[in-house]
Amino acid sequence: MPIKLLIARQIFDATGTPTVEVDMVTELGLFRVGVPSTDTKKLAEALQLRDNNLAEYHGMGVLNAVKNINTIIAPELIKQNLEVTMQSEIDQFMIALDGTETKSRLGANAIMAVSLVVAKAGAAKKGVPLYRHISDMAGITTIILPVPHFVILTGGILSSNGLPFQEYIIMPTGAASFAEAMRIGTEIYHFVKKSIVSKYKIDSTYISDSGGFSVPLQSHRDALMFLTDVIKQCGYTGKAEIAINAAATDLYKDGAYDLEFKNPNSNPQEYMSSDKLAEIYLDNFKEFPVCSVEDAFEFDDWAAWSTLTSRTPYQIFGNDLTQTNLRRVGLAIEKKAGNTIGLRLNQAGTLSEIIEAFKQLKANGFGVVVSDRWGDTEDLFLADLVVGLSAGQLKCGAPVRCERISKYNQVLRIEEELGALAKYAGKNYRGQA
């Protein structure tokens, strides 16, 4: 089933920033994918091609990436007459066609859009759901539904409150099913919303791009006490745990961590060493129902990552640490830096590279979190990816906003489809057992 037509266009992500959408036509009909984007490139991730025309969209347009699909990738790929089930071959063809290490010639956003739409068409050709097609490519035989990471509170650079860390998250690890996890997450989220209005006399509750509330809390400890109390009041003690996204790279200054970075009078002499910051996390694990810390240190503070991982059985989750870059994934494995790694669709550039990173991580005993970007779209691919890989964890924001709730709803549909075969990761979200 070769490709008959491949055409791209510029659309907009959930933050109002341009991104790429592509349509593919085969004998089975039309398939469409819109890729997530971000306004800031991480150090090691593949390059999203932007127009850099400051007269339009502040330079963030993607018409050059769209043009590269329509005038270079599409004619060359169609000429190859490859079957859409040949995911690896098609991805490798596009990588070679680009010819750069970071996919900077054609753009990772252009290449990824085509890679993902090929997977959708390939699933249709095989007559299976997309998640089954992904499972086959990854060599997965047992489907596991993920534990969601629901962003509840926002801090760090995303908020003017006193919280040093970027996100405070609820993970329904004690749920019996994904449907029950959704109930726990949504009930807690709406309880928090009502509590904010009642306690702080706020008429409207601001939420970040990922849906977390910007609550006027003044310290990290206040946030953990607040969420611990919320879990108790909602009746979910033992069923819901707390995850912290420290986003510590944002705090890193002069070889140490400034947890008072929002204070214009913060004192460099009071910056925290990696060791002292690690002690905060270890104390949090002991005192509160905290089960995971994401991006605990700056992404090149490798020794701190390795040391903390060796000192605790809890989840030490690297997202910015590796940036879905195969070289950095290899370094994390080699250095035993973290025990769980995040995979993001638009950071690698092709589906094949994401699957390869996943295989390497699982072969070395690492957990995996399939994660969104702030600039996501309403496309559902992420949900099928996390189920297809049986990754065990899905991070795509709060249980609100269409571009996020649509992924959660897709996992609910898959759970319904699986019926009695549906297995929820629960406490085994890292695949330890």
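Residue pairs whose Cβ atoms lie under 6 Å apart, sitting 6 or more positions apart in sequence or on different chains, and linking a residue in segment 207-232 that is touching a residue at least 12 places away in the same chain (Cβ under 8 Å) to a partner that is surrounded by fewer than 19 Cβ atoms within 10 Å (Cβ to Cβ) and of a type in the set (S, T, N, Q), are 209/15; 213/205; 231/237.
Only one of 154, 186 is out of contact with any Lys or Arg (no Cβ under 6 Å at 6 or more places or on another chain), buried (at least 24 other Cβ atoms within 10 Å of the Cβ) and farther than 30 Å from residue 92 by Cβ. Can you tell me which?
Every option except 154 fails the conditions.
There is at least one residue in segment 316-324 that is open to solvent by less than 10 Å² (accessible area, probe 1.4 Å), of a type in the set (Val, Ile, Thr) and part of a loop (DSSP other than H, G, I, E, B). Kindly establish whether residue 196 is surrounded by 14 or more Cβ atoms within 10 Å (Cβ to Cβ), free of Cβ contacts under 8 Å to residues at least 60 places away in the same chain, among the hydrophobic types (A, V, I, L, M, F, W, C) and farther than 23 Å from residue 172 by Cβ. It is false that residue 196 is surrounded by 14 or more Cβ atoms within 10 Å (Cβ to Cβ), free of Cβ contacts under 8 Å to residues at least 60 places away in the same chain, among the hydrophobic types (A, V, I, L, M, F, W, C) and farther than 23 Å from residue 172 by Cβ.
Kindly check whether there is at least one residue in segment 336-345 that is part of a helix (DSSP H, G or I), out of contact with any Lys or Arg (no Cβ under 6 Å at 6 or more places or on another chain) and surrounded by fewer than 24 Cβ atoms within 10 Å (Cβ to Cβ). Checked against the condition, which is being part of a helix (DSSP H, G or I), out of contact with any Lys or Arg (no Cβ under 6 Å at 6 or more places or on another chain) and surrounded by fewer than 24 Cβ atoms within 10 Å (Cβ to Cβ), segment 336-345 yields no hits at all.
Residues of segment 401-433 that are in a loop (DSSP other than H, G, I, E, B), out of contact with any Asp or Glu (no Cβ under 7 Å at 6 or more places or on another chain) and either over 22 Å from residue 243 (Cα atoms) or open to solvent by 30 Å² or more (accessible area, probe 1.4 Å) (or both): 401, 423, 430, 431, 432, 433. For segment 26-68, filtering for residues that are without any contact (Cβ under 8 Å) to a residue 40 or more places away in the chain, more than 28 Å from residue 83 (Cα to Cα) and open to solvent by 40 Å² or more (accessible area, probe 1.4 Å) leaves 8. Considering segment 93-107, the residues that are over 18 Å from residue 24 (Cβ atoms) and not β-branched (Val, Ile, Thr) include one that is surrounded by the fewest Cβ atoms within 10 Å (Cβ to Cβ), namely 96. Any residue in segment 28-42 that is in a strand (DSSP E or B), at pLDDT below 95 and under 16 Å from residue 348 (Cα atoms)? Yes, that holds for at least one residue.
Only a single item in (1) open to solvent by 40 Å² or more (accessible area, probe 1.4 Å); (2) assigned to a helix (DSSP H, G or I) is not met by residue 218, and it is number (2).
The values are calculated or read from the model by the stated rules, or taken from the named source; none is laboratory data. Nothing here was measured: the structure is a model prediction, and the numbers come from that model. Cβ: placed from backbone, ideal geometry, glycine included. Neighbour counts: every protein chain shown. Heavy atoms of the whole protein, side chains included, go into the accessibility calculation; ligands, DNA and RNA do not. Shrake-Rupley method; radii C 1.70, N 1.55, O 1.52, S 1.80 Å.
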